[in-house]
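Enquirer: I have a structure here, written as structure tokens, and I will follow up with some questions on it.
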Amino acid sequence: MTDALRQTPLHDLHVELGAKMVPFAGYDMPVQYTLGVMKEHLHCRAAAGLFDVSHMGQVIVRAPGGYDEAARAMEGLVPVSVLGLAEGRQRYAMFTNDQGGILDDLMLANRDDHLFVVVNAACKKADIAHMRAGLPGCEVEEITDRALLALQGPQAEAVLARLVPGVAGMRFMDVAVMESPFGELWISRSGYTGEDGYEVSVTADQAEGLARALLAEEEVEPIGLGARDSLRLEGGLCLYGHDIDESTTPVEAALSWAIQKTRRKGGEREGGFPGADVILDQLENGAPRRRVGLRPEGRAPMREGTEIYAGPEGGAPIGAVTSGAFGPTIGGPMSMGYVPGDQAAEGTKLFGEVRGKRQPVTVAALPFTPANFKR
């Protein structure tokens, strides 16, 4: 089975570091290292963690008319403002379908004369085909000769600035191209842990050298997919294929914040994206269900698939958990899931069925752990 899996440029380094490797999105990826998931999670919150995210898709979109033409075309696929994105800035977005469902969530960056797009690993083949079909007149180039690293945590700036001093001046969601001892780096001040940090695109032949240089700093430990999942869940961040998919709209998923006024009803560039009628109506009138945070009582997590009920007995399920784990930072179980809009208020008491018994769970504010971004 492993023979059929793709490997990132850091695969040999993961093995050398004692990583437990697992299949993920068609790649052989590290789920944890010798520290273990709990300590990796807490280390990232306290200092700095290095993640290999080279399995994700890196794509450049160009148009003959430069950035504005590429941005206008992209606005036909996403409900966010791409034309209004300033040069050197990045924005969260999602591809939608005709029913308003989410095909994938992604990052878009204005890099002067072109768009730089980062998409999820499991969706990248479909996403690239979607862009090639839906961006007439644009060149959609998949970048296959670069790795992608994420350095996350409150010490990330201090660590990376030793190698690339210019990163200290970047704000959350800034992007820049900078020279380094490891060649040209494409850097964004972003990540998916709720912590300050950076994502760094580096040529595949320089990736191991950069990773080793970062790991040589005393603040940095390697972090696997296990802690990445608990970190993003504490941060209230969606995982595609679990918390969001083709059956969930951005409004149901509590992602309305990502849709700028200019793309909403009455906006300068209202609609014009797949599923606009559904999404714009929900923005105005509300959605029938909503993604919420859930805090189970006790110590046992309510995992994905746990059915949610309004009462301690009787009745049909009203919703379900989409992600659940123990939160090392908060010291207790945490979940996200969907419930009806009239049951989505913070503090609402509900019940999750675990091993045939209904256990109390309370609707909670997201994120579970406050974000630590540098604004």
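The values are calculated or read from the model by the stated rules, or taken from the named source; none is laboratory data. Here the structure is a predicted model, which means the values were calculated and not measured. Cβ: placed from backbone, ideal geometry, glycine included. Neighbour counts: every protein chain shown. Side chains included, ligands, DNA and RNA excluded: accessible areas come from the protein's heavy atoms. Shrake-Rupley method; radii C 1.70, N 1.55, O 1.52, S 1.80 Å.
Enquirer: Using a basic spin-label model with each label point 7 Å from the Cα along Cα→Cβ, how many nm lie between Arg269 and Leu17?
Expert: 3.9 nm
Enquirer: I'm checking a number: the convex hull volume of the Cα atoms of region 10-156, normalised per residue, in Å³. What is it? The partial results should precede the final answer.
Expert: On the way: hull volume 19.2 nm³, N = 147.
Each residue corresponds to 130 Å³ of Cα convex hull volume.
Enquirer: Further question: Size of region 50-127 along its principal axes in angstrom, Cα-based, largest extent first?
Expert: Cα extents, longest axis first: 36, 31, 19 Å.
Enquirer: Ok, one more. Report the far tail of the P(r) of the chain, meaning the percent of Cα-Cα pairs longer than 26 Å.
Expert: On the way: 37251 of 70125 pairs.
The share of Cα pairs beyond 26 Å in the chain comes to 53 percent.
Enquirer: In Å², and per residue, what accessible area does the chain have when probed at 1.4 Å with the other protein chains present? Walk me through the numbers on the way to the answer.
Expert: Values: 15490 Å² over 375 residues.
Value for the chain: 41 Å² per residue.
Enquirer: A further question on this structure: Do you know the relative contact order of the chain, to the nearest whole percent, from alpha carbon pairs under 8 angstrom that are 6+ apart?
Expert: Numbers: 873 pairs, mean separation 64.9, N = 375.
17 percent.
Enquirer: Still on this structure, please answer the following. At 1.4 Å probe size, with the rest of the protein present, what percent of the exposed accessible area of the chain is carbon and sulfur atoms? Please list the in-between numbers first.
Expert: Numbers: 7650 of 15490 Å².
Of the solvent-accessible surface of the chain, carbon and sulfur hold 49 percent.
Enquirer: Between region 247-291 and region 91-151, what is the C-alpha centre distance in whole Å?
Expert: If we compute the Cα centre of each part, the gap is 20 Å.
Enquirer: How large is Rg over Rh for region 190-288, taking Rg from the Cα atoms and Rh as the Kirkwood inverse mean of 1/r across Cα pairs?
Expert: Details: Rg = 18.9 Å, Rh = 16.8 Å.
Computed over Cα atoms, the ratio is 1.13.
Enquirer: Where the only charges are on Cβ atoms (+1 Lys, Arg; -1 Asp, Glu), what is the dipole of the chain about its Cα centre, to the nearest 20 debye? Spell out each step's value before the answer.
Expert: Working: 36 positive and 51 negative charges, 217 e Å.
Charge dipole, the chain, about its Cα centre: 1040 debye, nearest 20.
Enquirer: If you wrap a convex hull around the alpha carbons of region 261-327, what volume per residue comes out, as a whole number of Å³?
Expert: Values: hull volume 9.6 nm³, N = 67.
Once divided by residue count, the hull of region 261-327 is 143 Å³.
Enquirer: Given q = 0.23 Å⁻¹, what are the Debye log10 I(q)/I(0) values for region 96-206, with equal point scatterers placed on the Cα positions and solvent ignored?
Expert: Taken in order of the listed q values, log10 I(q)/I(0) reads -1.38.
Enquirer: Given the DSSP H assignment, sum -39500 (n - 2.57) over each helix run of at least 4 residues in the chain and divide by its residue total; what's the result at 222 nm in deg cm²/dmol, nearest 500?
Expert: On the way: 8 runs with 75 residues, N = 375.
So the calculated ellipticity at 222 nm is -5500 deg cm²/dmol.
Enquirer: Zone of Lys349 (label point 7 Å along Cα→Cβ, backbone N under 16 Å): which residues in region 301-330?
Expert: Answer for this model: 309-314.
Enquirer: Right, another one. Any idea how far apart Gln99 and Ala365 come out in nm if each label point goes 7 Å out from Cα toward Cβ?
Expert: With each label point 7 Å from Cα toward Cβ, the separation is 3.5 nm.
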